[in-house]
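The values are calculated or read from the model by the stated rules, or taken from the named source; none is laboratory data. Quick caveat, the model's predicted, so the values are computed rather than measured. Cβ atoms come from the backbone with ideal geometry, glycine included; neighbour counts cover every protein chain shown.
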Amino acid sequence: MTLLAASVIIFAFIHIVPGDPIYVLLGDTATPDQIDALRHQLGLDQPIILQYLNWAGHVLEGDLGRSIFFQAPVLSVIADGAETSTLLATMTMIWVAVIGVPIGMIAAVRHGTWLDQGLSGAAMLMASIPTFWVGLYLILIFAAWLGWFPSSGYPSIFEGGVVNLRYLVLPSLALAAPNAALILRLTRASMLDVSREDYVRTARAKGIRPWQVVRRHIWRNALLAVVSAFGFTFAALLSEAVVTETVFALPGIGRLVVQSILRRDYPVIQGVILVIVVVYLLVNLMVDLSYRLLDPRVELQ
Amino acid sequence: MLSVRDLTVSVGPATAPVDIVAGVSFGLAKGEILGLVGESGCGKSMTSLAVMGLLPQPGPRVRVGEVLLEGCDVTQLQPWQRVEAGHGRMAMIFQEPMTSLNPVRRIGDQIAEAVRVHEGISGAAALSRACELLELVRMPDPRMQLSAYPHQLSGGQRQRVMIAIALACRPQVLVADEPTTALDVTIQVQILGLLRELCNRLDMAILFITHDMGVVAQLADRVAVMYAGRIVETAAVDELFGKPRHHYTRGLMDCMPSRNSGARRLPTISGQPPVPGTVAAGCVFALRCAAVRDVCRVATPPRMEVSRGHEVLCAFPLGGGELP
């Protein structure tokens, strides 16, 4: 249902935007005959409803169509960018989890101290700085001055081995910064909320040590709110990745979609967005399933 | 067993503290149930949390006074510090059984956790002790319930689990803060019966906090009536209900519906309790007292022992005993 709605919206919006792939392909010098011939060949002369039904029918058969610009199947065009984007997203989410969650916990446990204020302040700052700016500074410091990491591009790990992951360190950090900051603040707030619960008082009344109270009674309950935020974070990441992939010149899906929009490469735009919607739905399904593991009150239907 | 002396709990800055519990003293003998009664906001819950070392932080703090458990000073000690110091045999149960258990952990776990702290056993041994504790609180089918989650139990069952957790430390003193207020009347009777039985069987003293005079009459051996952060009257339960000496206690009893009060409108105590920190001098009850005299508004009333074990904080107690 969500997919159907998403596909209609994508299709409609793309065709509302002015511009024509024919001119991009043939340039200014094409004759009207050539234009008509190509338009007919691509099926762009049909009514938009028919174009949609035609496309949707093929999608159901697993065929996303052919790229107008690359003259190649959309699926293979997307597959080329998928490796970069998947690895970038995975690394980013790992950063978000390993930076945001523990530091948020520390801030909550040290609630009200200078450490908490410092960490929360830093998080606020990170959340407010645009991704591209963080990206540029990371390049400046770690690539240009220190030379620790490459500044741009990404050769596949299937060709150069796992060391090529170093190309993704800076972009994933840039992408993780604002999201880790949000998760940090959320973890902190959630821990503080839970620590005021009656059952935490019960735990303290048992005589268990303060950090055991945190570990056994506050942490897991606080994680419930944080886990659902991971779904939203992932959605934010998909759009921010467009900027990051551009700054770091990564051959990922984000950059592909931007370039395809400029080229009016309709099938690729539609395909990419459809894939993104599917991935987003899958991630949120995983979030819902992980709830089941964390919270016994949630029953699977 | 438990002795509380001059306990004063304050909020606000150290330079201008406001006392929400002011100089509360009471003792609790082995196997005795002391009912601490008073209306909402009179400081009875704060007293119980201060005794347990569970005052929320940051927030109210014990400014003056001491709490002695079997003669050992445990004032200002949180439960884990008390356990480390070897005075772990005091436990507490709370008003809200619905929210007092961790929703994501099994009942058995939550009891066994307390067993581990106090008995130094773990794993299967702790779980089998947890099962024994559930039997002790008359939980139906205890072995099955070990693996249940709190949301699968009723309110009364959850309160039984809370009592089982409290019993894990083999307490000499059990602090019960309105443990039956959130329960149905029928369940309330069962839980009160259980507490009475445990008190006798385990020779455990109970500090029972409530606003319900009826519950006190039914359960307690002795009663302390609290008003505006002070204990205004203490007596054995029969004595207090038979011959109340403080005007506030008397007022409370007049408010209780009885079988022969019929359709008559119940009398009430007019006015509101004072906001903490607003009574500068005199008796805290002066504003609402029917028998108030001029001196009550300026002089702090004395604590008088009107008969053996019957103390009253009033200059002109009911039934005579005025100061010479």
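Taking the stated definitions as given, is residue A:107 farther than 28 Å from residue A:256 by Cα, part of a helix (DSSP H, G or I) and more than 21 Å from the chain's Cα centre (by Cα)? Yes; evaluated as a whole, the condition is true for this residue. Just one of the numbered conditions (1) over 20 Å from residue A:255 (Cα atoms); (2) without any contact (Cβ under 8 Å) to a residue 60 or more places away in the chain is not true of residue A:155: (1).
The residue list B:89, B:5 contains one member that is among the basic types (Lys, Arg), surrounded by fewer than 21 Cβ atoms within 10 Å (Cβ to Cβ) and either within 14 Å of chain A (Cβ to nearest Cβ) or farther than 27 Å from residue B:213 by Cβ (or both), which is B:89.
Scanning segment B:96-151 for residues that are exposed (fewer than 14 other Cβ atoms within 10 Å of the Cβ) and either at the interface with chain A (Cβ under 9 Å from one of its Cβ atoms) or in contact (Cβ under 8 Å) with a residue 24 or more places away in the chain (or both) turns up B:147, B:151. Is it fair to say residue B:70 is within 30 Å of residue B:15 (Cα to Cα) and charged (D, E, K, R)? In short, no.
Of everything listed in (1) within 11 Å of another protein chain (Cβ to nearest Cβ); (2) touching a residue at least 12 places away in the same chain (Cβ under 8 Å); (3) out of contact with any strand residue (DSSP E or B) (no Cβ under 8 Å at 6 or more places or on another chain); (4) not β-branched (Val, Ile, Thr), the single unmet condition for residue B:166 is (3). Among the residues of segment B:45-62, those identified as away from chain A (no Cβ under 14 Å) and closer than 12 Å to residue B:24 by Cβ are B:47, B:62.
Residues in segment B:178-196 that are of a type in the set (D, E, K, R) and either under 20 Å from residue B:154 (Cβ atoms) or in a loop (DSSP other than H, G, I, E, B) (or both) were compared, and the one that is modelled with the highest pLDDT is B:178. Segment A:205-294 holds helices (runs of 4 or more DSSP H) entirely within its bounds, and those carrying 2 or more residues that are crowded, with 18+ Cβ neighbours inside 10 Å, away from every other protein chain (no Cβ under 11 Å) and touching a helix residue (DSSP H, G or I) at 6+ places or on another chain (Cβ under 8 Å) map to A:219-247, A:253-263, A:266-294. Taken together, A:200, A:194 contain a single residue that is under 17 Å from residue A:101 (Cα atoms) and within 14 Å of chain B (Cβ to nearest Cβ), which is A:194.
For segment B:50-66, filtering for residues that are outside any loop (DSSP other than H, G, I, E, B) and buried (at least 22 other Cβ atoms within 10 Å of the Cβ) leaves 3. Scanning segment B:9-40 for residues that are crowded, with 21+ Cβ neighbours inside 10 Å and among the aliphatic types (A, V, I, L, M) yields a total of 10. Restricting attention to segment B:79-99, the residues being part of a loop (DSSP other than H, G, I, E, B) and more than 24 Å from residue B:202 (Cα to Cα) number 3.
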